Structures are given as structure tokens and as C-alpha cells.
Amino acid sequence: MRKVIFQMMISLDGYFEASEDPKLGWHTVDQEFSDYSVELLKEAGTLVFGRTTYEMMYDFWPSAIAREKEPVVAEKMNSLPKIVFSRTLEKADWHNTVLIKNNLTEEISRLKQEDGNTIMILGSSNLAVSFLELNLLDELRVIISPTILGGGKTVFAGISDKHSLKLLRVRAMGSGNVLLYYEPVKQ
């Protein structure tokens, strides 16, 4: 059975997106973080996005700049199978991408039963909330950046129920990033 893992970087004060800058310029990225990104993508068999994250990723990873700055990550991002869940997106043109408008639970449950590597949600906080509420997440990986944004969007905005998590491990990085691995406690 394939696992579904959610990965997100947040600021120390709990935001994944700054109020004044929805781009990710505040992320603390160094070689160790890039190495972790490669490790993460080696685990992935399928990447899953919501519309907003898909559009942001599609704008960057196929570009010449991405291939020059992060060639290994760009190759994985561009070649891995991708699913974008969106009711509003009309088409998904990124190589190896399938657009799904309905039946999130059925689609992910079916994918989890297939052989293969991890199903990886990168970003996509609204989608992660849906997955968590539907008990479809097997692991959450949250990187806390040593940055305080002072405002913005929180990762689990809109969550309707309490979800207990079990800490699996912690990884401190030289940059000050701290990676927390959690597993949802099944109720």
C-alpha cells in the first residue's frame, strides 16, 4: 500500500505564505535543503497539487532557470507523474499531469492500493486540509524556517476537527530549518 505524505515549509510563526508576498522568497534554502528535496523526490511515485500550487510549480520547474539552478530537482519535478485536483482549472499542460475535478477520496484510495512509491503532496494547503479531514494522509512533514513573517496564511486554515499527531522524528538543518515528521493518530 502506498503512503500519502504532505510536505510544507512554514515560518516560525506558522505561516506558509506571507501576506505581502505570496511567492516563496522567504524560504530558507541552502545545499542541505536542496539535498533533502532530492531525497524527498526519490521517495515520490506521484506528485499531487491543488490548483494554486500546480500553477506556481508549472510556472517554474519546466523553465531553463530551474533546470540550471536545480537540475536534479527539476528533472524529477518534470518527469514524475502528477495529479492536480481542481474544480476550476480547465487544463493541465505540464508533462505527465492528470487533471481531476471530482472524487478525491475515490481517486486517492485507488492510488494508495496500487504498487509504487509514495504519493507526495507538495504545498497545496487547502488540499492537505481535505486529505487530513478525509483521513487520507499517512505522514506530514513540516519544515519550520527560521523566519518570522508577522502575518499571512496558515497551513491548516479551515480545518473543522481536532487531529492529534504523533511525532516520528526531528531533523535540524545547519540553516536553522527544522524538519518535523508526524503521523496522524487514527481516531
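The values are calculated or read from the model by the stated rules, or taken from the named source; none is laboratory data. Model, not experiment: these values are computed from the prediction. Note: ideal-geometry Cβ built from the backbone for every residue, glycine included; neighbour counts use all protein chains shown. These area figures cover heavy atoms from the full protein model, side chains too; ligands, DNA and RNA do not enter into them. Shrake-Rupley method; radii C 1.70, N 1.55, O 1.52, S 1.80 Å.
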Only loop residues by DSSP count here, and only those with at most 10 other Cβ atoms within 10 Å; note down the GluC sites (Glu not before Pro) in the range 6-91 that meet that. GLU20, GLU90
For GLY150, what is the net charge nearby, where nearby means another residue's Cβ is under 11 Å from its Cβ and Lys, Arg count +1, Asp, Glu -1? -2
Using a 7 Å offset from the Cα along the Cα-to-Cβ direction at both GLU90 and GLU114, what is the distance between the two label points in nm, to one decimal? 2.8 nm
Taking VAL72, VAL38 and ranking on accessible area (1.4 Å, protein atoms only), highest first, one gets VAL72, VAL38
Solvent-accessible area per residue for the chain at a 1.4 Å probe radius, Å²? 52 Å²
Carbon and sulfur: what percent of the range 50-139's accessible surface (1.4 Å probe)? 49 percent
In the range 33-113, lysine pairs 8 or more places apart or on different chains with C-alpha atoms under 15 Å apart total 6
Here the residues of the range 133-157 lying in the modelled label zone of SER19, meaning backbone nitrogen under 15 Å from a point 7 Å along Cα-to-Cβ, are 148-154
Can you pull the accessible area of ASP59 for me, 1.4 Å probe, Å² to the nearest 10? 120 Å²
In nm, to one decimal, how far is the modelled label at ALA172 from the one at ILE159, with both set 7 Å along Cα→Cβ? 2.5 nm
Antiparallel as a % of all DSSP beta bridges within the chain, to the nearest 5? 40 percent
Ordering VAL178, VAL185 by the accessible surface of their heavy atoms, 1.4 Å probe, largest first, yields VAL185, VAL178
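Top to bottom by accessible area (1.4 Å), largest first, where do LYS112, LYS69, LYS166 land?
LYS69, LYS166, LYS112
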From DSSP H assignment alone, runs of 4+ in the chain each adding -39500 (n - 2.57), the sum over residues rounded to the nearest 500 puts [θ] at 222 nm at -9000 deg cm²/dmol
